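Notes for the one structure printed next.
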Amino acid sequence: MFYKLTQNSNTMKIMKFIFRLLFILLMSSCITTKGLINKSKITPIEFTKGNIEGTYANKSMLWNKLSNFNVYRTSENDSVENTFVKLELIDKTKLKATLIKKDSILENRVFEGKIIDNYFSVKRDLYLLPIPFLYIRDESKIIIGINNKNNLVINGMRDDGYVFLIFFGGSRNQASFEFEKIKG
């Protein structure tokens, strides 16, 4: 009898609405391109094929920073000494990065995204584990631009969180890096 009463009442509709709203909130992004642009300390020059294409030293682990600040997507080549990163804008939605040591290509990556306010905004990287009583989310996003010294600038953010029963936590980290253009 109790089951029939709840099923026919407005309580069931309200509960469905709350669960749908909670699902939408859990799946939505906390990191936006506009937010990263607003927190950037540089004013980028126009993002064009001629400005971005070139070779950059792999100092300060540029290759790792291009991995979208994601610890789950690392490479054995992240910290290889005496390496260079060559960037090539394939079209308005794809940026190709090539890791080079001497004349050998060690690795290639193609980043998908779009140009927004003179930055190439790489699509966000989201890891989500929604299990009853356990929820884990790890999100990262980078934007790539060129400053007035014609150097590469990467602004990125990682945001992670978890919920286990009634316990929750998380962290948010943002960083900006500048890499000198060697030739291009």
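The values are calculated or read from the model by the stated rules, or taken from the named source; none is laboratory data. Just so it is clear, the structure is predicted and the values come from calculations on it, not from any experiment. In this analysis, Cβ positions are derived from the backbone assuming ideal geometry, glycine residues included, and neighbour counts consider all displayed protein chains.
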Residue 168, sole failed condition from (1) closer than 18 Å to residue 41 by Cβ; (2) without any contact (Cβ under 8 Å) to a residue 12 or more places away in the chain; (3) among the aromatic types (Phe, Trp, Tyr): (1)
Single condition residue 53 does not satisfy, out of (1) surrounded by 11 or more Cβ atoms within 10 Å (Cβ to Cβ); (2) modelled with pLDDT under 75; (3) under 22 Å from residue 179 (Cα atoms): (2)
Yes/no for residue 159 being surrounded by fewer than 13 Cβ atoms within 10 Å (Cβ to Cβ) and not hydrophobic (A, V, I, L, M, F, W, C): no
Residue count for the stretch 84-103, restricted to those that are hydroxyl-bearing (Ser, Thr, Tyr) and not in a strand (DSSP E or B): 1
